[in-house]
Amino acid sequence: MTTWATTTWALYGVGGAVLATSLVKLRRRFDLSQAKHRSLAGHARIARRIAAFLPFYEYDETRFFASDGAPANVAARRRAGFGRLSALYKTRFAETIRRTAETAESISDLQFTDAYRVPFQYRRYVQANLPSAVFMQSSEGVTVTDLDGNRFYDVSGSYGVNVLGYNFYKGAIERGAARVRELGPVLGPYHPLIIENVELLKEISGLDEVSFHMSGTEAVMQAVRLARYHTRRSHLVRFCGAYHGWWGDVQPGIGNPVPAHETYTLAEMSGDTLRVIASRRNIACVLVNPLQALHPNASAPSDSALVDSSRRAHFDKDAYAEWLRRLREICSAHNIALIFDEVFVGFRLAQGGAQDYFGVRADLVTYGKTLGGGLPIGAVCGRAALMRRFRDERPADICFARGTFNSHPYVMAAMNEFLRYLRTSEGQATYRDLDAIWNERASLLNERLRNEALPVEVANLSSIWTVCYTQPSRYNWMLQYYLRAGGLALSWVGTGRLIFSLDYTEADFAAVADRFVAAARAMRSDGWWWRNPATTNKSIRRTILKEIIARRLFS
Ligand SMILES: Cc1ncc(COP(=O)(O)O)c(C=O)c1O
């Protein structure tokens, strides 16, 4: 063969190899796109771009009451109802509102939560007329009392921390503090009661080791870091919509000023996702937040995103358990760490947490919230091989994780009270028939709402509830204000999430249900759910899109 011919064949060879590699890459890229959820939450990069494009605009007073094209008489009913509600707020919650307004300028978190209670077009008018009132002076049983002496049923659940009831945590903090008072806030050395915490957590999680942190966010950071360290791989898989705290790598979309390059956000409960997990060599861990079982692939529901009535939720325990089993198999087969982030659901669904509840074991589990017995906490439990932070054979190759306040004696003591209580017969009884109780309560409330033809229903994962709306409307977010006027304390995400503590008695719940139905009735009679039969969720979104485009083009 001539040199020319050899060179030609060599070039063909190289070209072929390059083409094959490109095709494989293309194929993998295609598989990855297939495994993304179709929603914006499934496309972090696009969501960030759209967020940067979205302009602020707001409705004037006339449009505020008729943004859905309601006729003048309906708008007038709304205006009158809104006026009554506003007057009630400004008299009944006067002192609490005054203090909130005074403080808001100095607390950035308060400014943020205050701004994100309703869709932004309505924000300022709502803020001016239904001002936030965030202070509370006391809690008792399932109620909290504001600075004006108004008592509310608490359905905020303190972001999920309140599982056993406020009275329990007050006691746990006090008793715990008494037990560690002699040592006080000495950090570094441990108080001996940590030993029992570790034993109990190992027993509950079924895992070998424990590390303590100061928040759920930190616990997740540590679990992911350990997985990366031990697998020597870079990427984490999180599922569309799932919240895992505010660390950048688990929040690759809106909310994080920089992109997360080593995170795959994939669709949950999807065969395409399983294929991607099985085929990529760079995946260190798969992070699951079992709370998503209530609304797979949807972000945490908040009333500020309640622009129409498309919020949906439905919990199917068997289907989710089957999904977790399939994930478990794939992760085991490919040496990927399966992490259950139980910061929210741990100790709420079952004593043994989501692992027990769904019957699937994880390699690492994060806990937080209620585990601290009412004080701040994050914890990671894991298999010994994954928890180690150094390698004997490579002394400089470590996985660093420390924290000044980790294992704080007062936190450990309140935690100890919490964990010990779980072992008592009373503690165990708390979890008996839990799902049956809360499913029954949800279906009773739904029946009442249906009987009165109110366009609202609740969906629940045990004691974690979300409110959904059954006919297209632009004003569903108003319900949170009627609920508060009716004596229910919600968190800043409004009707997106109601969280009950497990000390709610039948009588307590009946009172909540009465107030809920009465609030929905009042909202309807004030005209907010008037509806043009031609309106659909899609047409609502189309209207908003047109407004946004017009704003971008003409302002
Ligand atoms: C599942 C999950 N992981 C992590 C976190 C973050 O916990 P923290 O707010 O304590 O940092 C949360 C908080 O809501 C959570 O729900």
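Each value in this text was obtained by applying a stated rule to the coordinates, not by laboratory testing. These numbers were taken from a predicted model, which means no experiment stands behind them. Note: ideal-geometry Cβ built from the backbone for every residue, glycine included; neighbour counts use all protein chains shown.
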Quiz item: Where the centre of each part is set by its Cα atoms, how far does the stretch 262-304 sit from the stretch 419-479, in angstrom?
Solution: 25
Quiz item: Mind checking the alpha-carbon convex hull of the stretch 1-54 and giving the volume per residue in Å³?
Solution: 83
Exercise. Count the lysine pairs in the chain whose Cα atoms lie under 29 Å apart, taking only pairs 8 or more positions apart in sequence or on different chains.
Key: 10
Quiz prompt | Percent of C-alpha pairs per 5 Å bin, the stretch 392-470, short to long | solution = 3, 11, 12, 10, 10, 9, 10, 10, 9, 7, 4, 2, 1, 1, 0
Quiz item: Where the centre of each part is set by its Cα atoms, how far does the stretch 69-131 sit from the stretch 523-537, in angstrom?
Solution: 21
Practice problem: For a quick protection proxy, order the peptides 10-20, 201-211, 355-365 by their average other-Cβ count within 10 Å, most packed first. | Solution: 355-365, 201-211, 10-20
Practice problem: Would you please classify the overall shape of the chain from the alpha carbon gyration tensor, given that a ≥ b ≥ c denote the square roots of the eigenvalues, rounded means a/c under 1.5, and beyond that prolate means a/b larger than b/c while oblate covers the rest? | Solution: oblate
Quiz item: Could you state the number of Å between the C-alpha centres of the stretch 180-239 and the stretch 11-68?
Solution: 36
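Above 21 angstrom, tally the Cα pairs of the stretch 157-284 and express them as a % of all pairs, no decimals.
The share of Cα pairs beyond 21 Å in the stretch 157-284 comes to 60 percent.
So, by mean Cβ neighbours within 10 angstrom, what's the order for 182-189, 33-40 with the highest one leading?
33-40, 182-189
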Quiz item: When the convex hull of the Cα atoms of the stretch 328-429 is projected onto a plane and the area is averaged over all directions, what value comes out in nm²?
Solution: 8.3
Exercise. Sort Lys25, Lys90 so the one with the fewest other Cβ atoms within 10 Å of its own Cβ comes first.
Key: Lys25, Lys90
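Let a ≥ b ≥ c be the square roots of the eigenvalues of the Cα gyration tensor of the stretch 270-360; is it rounded (a/c under 1.5), or, if not, prolate (a/b larger than b/c) or oblate? Write out the running numbers ahead of the final one.
Numbers: a/c = 2.08, a/b = 1.39, b/c = 1.49.
Verdict is oblate for the stretch 270-360.
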Exercise. Out of all DSSP beta bridges with both ends in the chain, state the antiparallel percent to the nearest 5.
Key: 60
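Indicate the gyration tensor shape class of the stretch 256-315 (rounded, prolate or oblate), computed on the Cα atoms with a ≥ b ≥ c the square roots of the eigenvalues: a/c under 1.5 is rounded; otherwise a/b larger than b/c is prolate and the rest oblate.
Oblate shape, in that a/c is at least 1.5 and b/c is the bigger or equal ratio.
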Quiz prompt | Per-peptide average of other Cβ atoms within 10 Å, ordering 99-106, 405-412 highest first | solution = 405-412, 99-106
Quiz item: Rounded to the nearest 5, what is the percent of antiparallel bridges among the DSSP beta bridges in the stretch 329-413?
Solution: 70
Quiz item: What is the magnitude of the charge dipole of the chain about its Cα centre, with +1 placed on the Cβ of each Lys and Arg, -1 on the Cβ of each Asp and Glu, and no other charges, expressed in debye to the nearest 20?
Solution: 2100
Quiz item: Using the count of nearby Cβ atoms within 10 Å as a rough guide to exposure, how do Asp341, Asp303 rank from fewest to most?
Solution: Asp303, Asp341
Exercise. Using label points projected 7 Å from each Cα along Cα→Cβ, tell me how many nm separate Asn167 and Asp397, to one decimal.
Key: 5.6
Quiz item: Rounded to the nearest 500, what is the chain's calculated 222 nm mean residue ellipticity when only DSSP H runs of at least 4 contribute -39500 (n - 2.57) each, over all residues?
Solution: -15000 deg cm²/dmol
Quiz prompt | Estimated distance in nm for a label pair at Ser86 and Asn256, the labels positioned 7 Å out from Cα along Cα-to-Cβ | solution = 4.1
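Take every DSSP beta bridge with both residues inside the stretch 273-431 and express the antiparallel ones as a percent of the total, to the nearest 5. Kindly include the intermediate steps, with their values, before the conclusion.
Numbers: 7 of 14 bridges.
If I count the DSSP bridges inside the stretch 273-431, around 50 percent turn out antiparallel.
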Quiz item: Under 16 Å from a point 7 Å along the Cα-to-Cβ line of Ala507: which residues of the stretch 125-169 have their amide N that close?
Solution: 140-143, 153
